[in-house]
């Protein structure tokens, strides 16, 4: 089993809809989880970090964590064309500084 | 301010050249990282420096040589690269290497090896 897996997509949603991005991880000891957004040709940009079970909201973004199910998700409400990018889930392996990324989910928001 | 800068933005080099990539941060972070990202792939960790000492080398070929002259600077020296080394090279920094520290990425250097 790969360490971090994401629904590979691509995912296409209409403007104003909710986009749902999912990620599972294999290391039960993982304590921190990150979502990065990467526009084509650019570097990853931190969107959200989450450490505790439950939901964490920041504007239109909500991260959800379920450690028992080893599952973390990112919801984007009222999706905008500017949200079109690849979203990367990242998890430190073994509590170390080594950040392992999922393959990413490419999101397209259609006007 | 969460800015990490990288120079140059683009680099084209031949297989016999020697070049260096530079990364700088002024956030007082004590951990710095080099990642390699191929097209349509996620970033892959290459090296980690913690308090200016190399703490992780992900079995990177010796043609890549990292250097951390001080807590704000990170270099990646390149020599005798292969065309398959063409990629986006990303530098990142974090407060330290403690669990859960957020890594902030620079804009990257797009490297092409001819």
Label-point separation, residue A:67 to residue B:38 (7 Å along Cα→Cβ), nm: 3.5
Chain B: relative contact order as a whole-number percent, Cα under 8 Å and 6+ apart: 37
Gain in span if fully extended, residue B:58 to residue B:12, counting 0.36 nm per residue against the direct Cα distance: 14.1 nm
Rounded if a/c under 1.5, otherwise prolate or oblate - the protein assembly as shown, Cα gyration tensor axes: prolate
Relative contact order (%) - criterion: Cα under 8 Å, at least six apart; region: chain A: 38
Inter-centroid distance (Cα atoms) of the stretch B:33-69 relative to the stretch A:7-23, Å: 32
Residue-averaged beta-carbon neighbours from other chains (10 angstrom radius) around B:87-99: 2
Residue mean of other protein chain beta carbons inside 10 Å, A:38-46: 5
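May I ask you to order B:70-78, A:30-38 by the average number of other C-beta atoms within 10 Å around their residues, highest value first? Show your work: numbers first, answer last.
Details: B:70-78: 17.2, A:30-38: 21.2.
Averaged packing, sorted descending, gives the order A:30-38, B:70-78.
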Spacing of the two label points (7 Å from each Cα toward its C-beta) at residue A:80 and residue B:26, in nm: 3.0
Distance from the stretch B:78-114 to the stretch A:34-76 (C-alpha centre basis), Å: 22
Label-to-label distance, nm, for residues given as residue B:114 and residue B:65 (7 Å Cα→Cβ offset): 2.4
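Each reported figure results from applying straightforward, stated rules to the coordinates on display, with no laboratory input. Predicted model only: the values in this text are computed from it and were never measured. Because the Cβ atoms are built from the backbone with ideal geometry, glycine has one as well, and the counts that use them run over all protein chains shown.
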